[in-house]
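The values are calculated or read from the model by the stated rules, or taken from the named source; none is laboratory data. This one's a predicted model, so the numbers in the text were calculated from it and none came from an experiment. No Cβ is skipped: glycine too gets one built from the backbone with ideal geometry, and neighbour counts run over all protein chains shown.
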Amino acid sequence: MEVPILKQGHYLIASIQSALTDADLSQLREALIERVGKFRARGVIVDVTALDVMDSFAVRTLRDIAHMARLRGSETVIVGIQPEVAFAMVQLGLTLKGVSTALDLEEGLLFLDQQAKLRIERGSGRIDRG
Amino acid sequence: MADELRIPVTADVDVVTARQRGRELAAQAGFSSGDQTVIAAAISEIARNILNYAKRGEVLLSVVTNGDRQGVIIVARDQGPGIPDVQRALEDGYSTSGGLGLGLPGARRLMDDFDVTSSVGTGTTVTMKKWRHMNA
């Protein structure tokens, strides 16, 4: 099942709707990295609220997405990790080290806005192409 | 053993099926939603190991009652190459497949009982159980 990727302003939002196979996750990674360039996205949000389980493959793929997007100049934030899923992740020994997370979509958007502001203040933000 | 569910594992979609069936079974057996997720995550890891190392195998799911406790038993078996060093395979971060090396040790942490039997050239069987106290 393909994950829909929406473009909202400078951001891409990938909203996972159901359980994903490993192939689906890999496909999501390729699609996001390609679209970061295509849409000149400055931020990526991956909403995992509907994900039934975050196992080692899912975590590795999300980490890859965040690191690859950063190399392409885009900040990633993972939103919607459910309490039970977080519990199982910790027991499994899985971390999202180096990857930003936020409670939900709203917080994720806020986070990306703050990151964008910080980049501009530091003078390292991209020039607004309007 | 009554009502054993057998899920053949030959493609990545079977990993999802196995963990979803496992979650349903755990729900029927009265496990909390937290425990259901834990059980599903453990199944996901060991079912993926079948694919990664043996290409094909199966996951067997069943419920067992033992005195005042009820449990789910998950058996994952394959006739793949086997694990030369089971102790090593149970260490965090050890992987021969390029993964994170958290599958087996992670699944062990998630479950109450965990046993791996493997012999090179014959295959691997992982048996794991999660218990809950009834009337508790």
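Collect the residues in segment B:18-35 that are facing chain A (nearest Cβ under 9 Å) and either under 20 Å from A:T21 (Cβ atoms) or touching a His at 6+ places or on another chain (Cβ under 7 Å) (or both), keeping them in residue-number order. Please lay out each step first, then the result.
Step one: list which residues in segment B:18-35 are facing chain A (nearest Cβ under 9 Å), which gives B:19-20, B:23, B:32-35.
Of everything in segment B:18-35, those that are facing chain A (nearest Cβ under 9 Å) and either under 20 Å from A:T21 (Cβ atoms) or touching a His at 6+ places or on another chain (Cβ under 7 Å) (or both) turn out to be B:R19, B:Q20, B:R23.
Within segment B:83-109, restricting attention to residues that are buried (at least 18 other Cβ atoms within 10 Å of the Cβ) and touching a strand residue (DSSP E or B) at 6+ places or on another chain (Cβ under 8 Å), which residue is farthest from the other protein chains (Cβ to nearest Cβ)?
Restricting attention to segment B:83-109, the residues satisfying the condition of being buried (at least 18 other Cβ atoms within 10 Å of the Cβ) are B:83, B:89, B:100-108.
The next check asks that each one be touching a strand residue (DSSP E or B) at 6+ places or on another chain (Cβ under 8 Å); those that pass are B:83, B:89, B:104, B:107-108.
Values: B:I83: 17, B:A89: 14, B:L104: 10, B:A107: 8, B:R108: 10 Å.
Going through the qualifying residues, I end up with B:I83.
If you go through segment A:2-22 and keep only what is assigned to a loop (DSSP other than H, G, I, E, B) and either within 13 Å of chain B (Cβ to nearest Cβ) or under 15 Å from the mean Cα position of the chain (by Cα) (or both), you end up with A:V3, A:P4, A:H10, A:I16, A:Q17, A:S18, A:A19, A:L20, A:T21.
Note on segment A:9-20: among residues that are surrounded by fewer than 19 Cβ atoms within 10 Å (Cβ to Cβ) and in contact (Cβ under 8 Å) with a residue 12 or more places away in the chain, the one that is nearest to B:L51 (Cα to Cα) is A:S18.
There is at least one residue in segment A:75-82 that is more than 14 Å from every other protein chain (Cβ to nearest Cβ), crowded, with 16+ Cβ neighbours inside 10 Å and over 19 Å from A:F57 (Cα atoms). Applying the criterion of being within 14 Å of chain A (Cβ to nearest Cβ) and touching a Phe, Trp or Tyr at 6+ places or on another chain (Cβ under 8 Å) to the residues of segment B:110-128, the residue that is surrounded by the most Cβ atoms within 10 Å (Cβ to Cβ) is B:M128. Against the definition (within 10 Å of the chain's Cα centre (by Cα) and surrounded by 19 or more Cβ atoms within 10 Å (Cβ to Cβ)), how does B:L51 come out, yes or no? So B:L51 does not fit the description; no.
Which of the residues belonging to segment A:44-67 are part of a loop (DSSP other than H, G, I, E, B) and surrounded by 19 or more Cβ atoms within 10 Å (Cβ to Cβ)?
Across segment A:44-67, the qualifying residues are A:V48, A:L51, A:D52, A:V53, A:M54, A:D55.
Here B:G71 fits the description: of a type in the set (G, A, S), touching a residue at least 40 places away in the same chain (Cβ under 8 Å) and in contact with a Phe, Trp or Tyr (Cβ under 9 Å, 6 or more places away or on another chain). For segment B:22-47, name all the residues that are over 19 Å from A:I81 (Cβ atoms) and in contact with a Gly (Cβ under 6 Å, 6 or more places away or on another chain). Once the filter is applied, which keeps residues that are over 19 Å from A:I81 (Cβ atoms) and in contact with a Gly (Cβ under 6 Å, 6 or more places away or on another chain), segment B:22-47 yields only B:I43.
Of the helices (runs of 4 or more DSSP H) lying entirely inside segment B:1-107, those containing at least 1 residues that are hydrophobic (A, V, I, L, M, F, W, C) and modelled with pLDDT of 95 or more span B:12-28, B:33-49.
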